[in-house]
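**Q** Dumping the structure here so I can ask a few things about it.
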Amino acid sequence: MTSVDVVIIGAGPAGLSAALNLVRARRRVVLVDSNRPRNSATFHSHGFMTRDGVSPLELRRLGREELDAYPEYYEYRQTRVGAVAADDDGFTVAVAGGGAGEEFRAENVIIATGVAEIMPQLPSIRAFYGTSLHSCMECDGFEHSGQRLALIGETDDLTAHALLLSQWSEDIIVFTNAVGTVSDDDEELLAERRILVDRRPISDVSGDQTGMTGVTLADGASVPRQAGFIRPRYQPQLAYADSLGLAVDGEGYLIVDGSGRTSLAGVYAAGDAALPGPQQLIIAAGAGARVAATINRDLAGVPRR
């Protein structure tokens with residue numbers, strides 16, 4: 001059984017960033033990734049310094065290309081971690097899929113598998129997702145400046161997201177699909193920004209080859225919109241780590257300290273699975289670098305302050 005310093009689960013910006021910093025510290029690193037990134041439908045990512053507008057898949061390719069130059073690095077692609085088990089000497093990580101069927105002994109594990117997006121059940125969302133429908137306003141709001149926008153969601157934080165969206169448009173309608181919560185007081189607050197609230201059930205989003213053109217309601221009404229933002233529900237992907245008994249918050253996110261340590265010594269987390277907030281690549285990459293620095297210090301025996 002191969003022994004390494006760190007197994008990283010997930011090759012998004014958090015995992016790749018952690019891997020790069022660790023191999024540069026001459027740590028032996030194995031990265032395991034299913035090669036099914038959440039942002040694969042997005043043509044352009046934004047807000048990543050020197051890479052504004054790059055395809056998320058291209059950003060992954062560039063990161064992997066850099067890592068492949070280091071002899072301490074190995075990646076299993078199109079594979080998954082079946083289970084992680086802890087004992088007194090570290091962790092056993094079982095890798096499956098993609099022709100792999102191997103176990104690693106690891107002194108440390110980084111969880112960087114992010115979250116899954118649970119979308120409203122509308123038939124055509126995926127047809128426009130990544131082009132004229134998005135989930136990250138910080139990432140894609142600028143490209144739709146001045147357009148007639150929809151905010152579609154079934155959560156209780158739609159007011160906050162609508163107020164943020166008003167930075168880019170003065171024509172916004174919040175669609176709750178008869179599920180999302182906007183209180184009467186919040187509706188008055190939104191009205192002050194000329195943001196409308198439509199509480200009717202939605203049957204679908206409509207559009208053509210040029211992109212989204214509107215929101216179709218269950219009563220047959222069609223509301224013209226040029227683009228929109230979805231407020232998904234986010235679900236951390238952590239089933240493979242169930243046996244570790246890691247502490248999570250009420251929404252299922254891993255609880256970590258300020259350096260990325262989880263409740264179990266030797267297990268760290270970086271990126272969206274432990275970082276509720278803006279779903280931005282550069283934030284996840286920064287979290288990966290921070291966790292790498294923490295692990296390197298812990299492996300070197302540097303006392304905590």
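**Q** So A112 ticks every box in (1) without any contact (Cβ under 8 Å) to a residue 12 or more places away in the chain; (2) under 30 Å from R261 (Cβ atoms) but one. Which box is left unticked?
**A** Looking at each condition in turn, A112 falls short on (1).
**Q** Residue check, R64 against (1) in contact with a Gly (Cβ under 9 Å, 6 or more places away or on another chain); (2) within 29 Å of I255 (Cα to Cα), all met but one. Which one?
**A** Condition (1) is where R64 drops out.
**Q** May I ask you to verify whether G271 is in the same structural domain as V23 (by TED's automatic domain parsing), over 17 Å from P13 (Cα atoms) and in contact (Cβ under 8 Å) with a residue 60 or more places away in the chain?
**A** In short, no.
**Q** For V23, indicate whether it is touching a Lys or Arg at 6+ places or on another chain (Cβ under 9 Å), buried (at least 21 other Cβ atoms within 10 Å of the Cβ) and not aromatic (F, W, Y).
**A** no
**Q** Out of the residues in region 174-188 that are surrounded by 15 or more Cβ atoms within 10 Å (Cβ to Cβ) and among the aliphatic types (A, V, I, L, M), which is farthest from F229 (Cα to Cα)?
**A** V182
**Q** Ok, one more. Considering every residue within region 206-223, establish whether at least one is hydrophobic (A, V, I, L, M, F, W, C), touching a residue at least 60 places away in the same chain (Cβ under 8 Å), in the same structural domain as I8 (by TED's automatic domain parsing) and surrounded by fewer than 21 Cβ atoms within 10 Å (Cβ to Cβ).
**A** no
**Q** Looking at (1) assigned to a loop (DSSP other than H, G, I, E, B); (2) surrounded by 15 or more Cβ atoms within 10 Å (Cβ to Cβ), find the lone condition where G63 falls short.
**A** It is condition (1) that G63 fails.
The values are calculated or read from the model by the stated rules, or taken from the named source; none is laboratory data. Please read these numbers as outputs of a predicted model, since none were measured by experiment. No Cβ is skipped: glycine too gets one built from the backbone with ideal geometry, and neighbour counts run over all protein chains shown.
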